[in-house]
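Worksheet: one structure, shown below.
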């Protein structure tokens, strides 16, 4: 009995030790991706739904710490930044203006970059064979049914701003209303910043504790990422129509090119807006790590702890990093902005709509608006946000959405990577080095716990 | 000798009864009796080719299709041959002629309209949803999401140009179901399809927005040329059903409707939906490789 227990334990240990190793982006490309594709080709299509359900269930677990993380990070950082006693008016204005300006520039840049690459790559300009493949794929799928009994009751149309205004922060958090949680946290953070420190300290300590636990929890559940990818990719490969992927190759390449271009620009931004002294302690470029981590998990939010840890260790102001990283990751959704611009150009090309300079400007603007409207949504749920733009251009939305959804299991990865690296750029531009006093007095336990996991593969660079 | 002759006569009589029972046992139903006396069932068919319902086989020039098979099966049950008449110039004329006793039955995916009920008596055998094949750009221009429950009403009240076969039930149905639409009649279905999918302003006139018929005619258009799915979309009306019927005269209604009804239930398998037909005759609707 006593002899078997250690051996069993070591087996479990070995099994669980494999998962963090598989999280390395290098292993994602060399092992997980090929294995998932082969598995997807081998499994019968009837089992694809089971694989997909398992993957989605694990994604739900990975997303589970996101809401408390967002809520606490935003609330603490806003409270610190706007605290009258701790910061001067100039400091508050400097951060706010830098953040807003860098966010706006990043949105504009993302949109224009995607627009230029779309014009170069011309997604939606299809060969006759590609049109035939798409036509076959659409048979029966896009038919319009009139007079059938609606399965779901139609929702009452409300003003879009109602989706942002918080009602009850706990109810919003429990119902996954991320946008309402963010706005509620900002308001609560502002309220905390107006109060005396001794009154708010217990709450700040509690929030900090929740935040630290959420980060730690994210590390634990991130171990499931390889299994998530295997399930989702195998399920998608088993059912995805290879013809469609080939037919939409230009579109797919364009999305990947945008992600790579965003990486290049973010590297430049990181180099330009950090001093050599700040970079001295880094062995690798953290932008690469964020890109690969987001790409390999399909979730930009998983890059948040890495962004925070990196910029904090470089001596950046903790509160500013916390606020800029969480807000830019959650609100700007730059991956969705670039993706939506490409998707709109794809739809316009598909339906032979002339691309005049004015229309291109409209595409860029609508790409930004619809991309931001994806805030709070994840994965495939973000795709239908372009329907508003398609309706504006009077381009048939259902067939375009059907095509985009068909290849989304692949494109969700570069989309997340684009969001991750451009959010890092915003954070690098908008945050500044903290004062020597605060450098010598770390106010939370976050760093300690993150350092505890610093040997983890999250910080590994492929 | 006399007894031998008597035996021979009795044997011959028995043989005649055994070999030609129907001819000898005349039906009490005068309508059926008349058919049996004539020796063939007179069936009126539309003058068009509508595979897989009724069409001339290009190779053999024989009439084929499920409507043809149904009529042939009926004749077999009556113990007579079948004779098809395709001389009517339109669907409506065909129904008028069966009402005037020119045929025993009229068949050929004939829809049900008030006007036709003035002329003849229907027995339903198919239940097909009404359908449009519409230009996607036109649907987008309506400004209502097709998933919106209001879409049906918006479409029905839209100002559009709807094409179909002239002097058919679709002309009547178009006016009833799309009150603000302009109906454009075409000589045949091929001309209507061409006017939508391969419009030529010189020969087809102003562009039409949609063509209108039942689901078994609309769906095959995109099955045959899947590339059309990009530009055109089938719209299926679950709440507007075309009750395709076999038409009888007044005499036929009295004398033949029970026989026909029994045949449809037992041999035909009840009233078939457009989905049943599309499934049963997949070979006709498979996408072409071209």
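Just so it is clear, none of the values below were taken in a lab; they were calculated from the coordinates. Please read all numbers here as calculations on a predicted model, not as lab measurements. As a convention, Cβ positions derive from the backbone with ideal geometry for all residues, glycine included, and neighbour counts pool all protein chains shown.
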Could you work out how far the C-alpha centroid of segment A:83-124 sits from that of segment B:188-232, in angstrom? 49
Using alpha-carbon positions, the gyration tensor of the protein assembly as shown gives root eigenvalues a ≥ b ≥ c; with a/c under 1.5 called rounded, otherwise prolate if a/b exceeds b/c, else oblate, the class is prolate
Rounded if a/c under 1.5, otherwise prolate or oblate - chain B, Cα gyration tensor axes: prolate
Compute the acute angle (0 to 90°) between the alpha-carbon long axis of helix B:66-78 and the principal axis of greatest extent of the alpha-carbon atoms of chain B; round to the nearest 10°. 20
Can you classify segment B:129-241 as rounded, prolate or oblate using the Cα gyration tensor, where a ≥ b ≥ c are the square roots of its eigenvalues, rounded means a/c under 1.5, and otherwise it's prolate if a/b beats b/c and oblate if not? rounded
Extension gain from residue A:352 to residue A:387, taking 0.36 nm per residue of separation minus the Cα-Cα distance: 10.8 nm
I want to make sure I understand the PRE zone here: with the label point 7 angstrom from the Cα of residue B:279 toward its beta carbon, which residues in segment B:240-272 have backbone N atoms less than 15 Å away? B:269-272
In which sequence would B:227, A:74 go, from the one with the fewest C-beta neighbours within 10 Å to the one with the most? B:227, A:74
Once the Cα atoms of helix B:2-19 and of chain B are each reduced to a long axis, what angle between those two axes, in degrees from 0 to 90 to the nearest 10, is obtained? 10
How far is helix B:215-224 tilted off the main Cα axis of chain B, in degrees rounded to 10, range 0 to 90? 70
Sum of -39500 (n - 2.57) over DSSP H runs of 4+, divided by residues of the protein assembly as shown (222 nm, nearest 500): -18500 deg cm²/dmol
So what's the gap between the Cα centers of segment A:189-222 and segment A:336-364, to the nearest angstrom? 42
Segment residue B:257-residue B:38, extension gain: residue separation times 0.36 nm, minus the distance between their alpha carbons: 76.9 nm
By Cβ neighbour count within 10 Å, fewest first, A:205, A:200, B:169, B:216 rank A:205, A:200, B:169, B:216
Just want the ordering: A:329, A:115, from fewest to most Cβ atoms lying within 10 Å of their own Cβ. A:115, A:329
If I take R0 = 51 Å and measure r between the Cβ atoms of residue A:213 and residue B:150 in this structure, what FRET efficiency does the formula 1/(1 + (r/R0)^6) give, to the nearest 0.05? 0.60
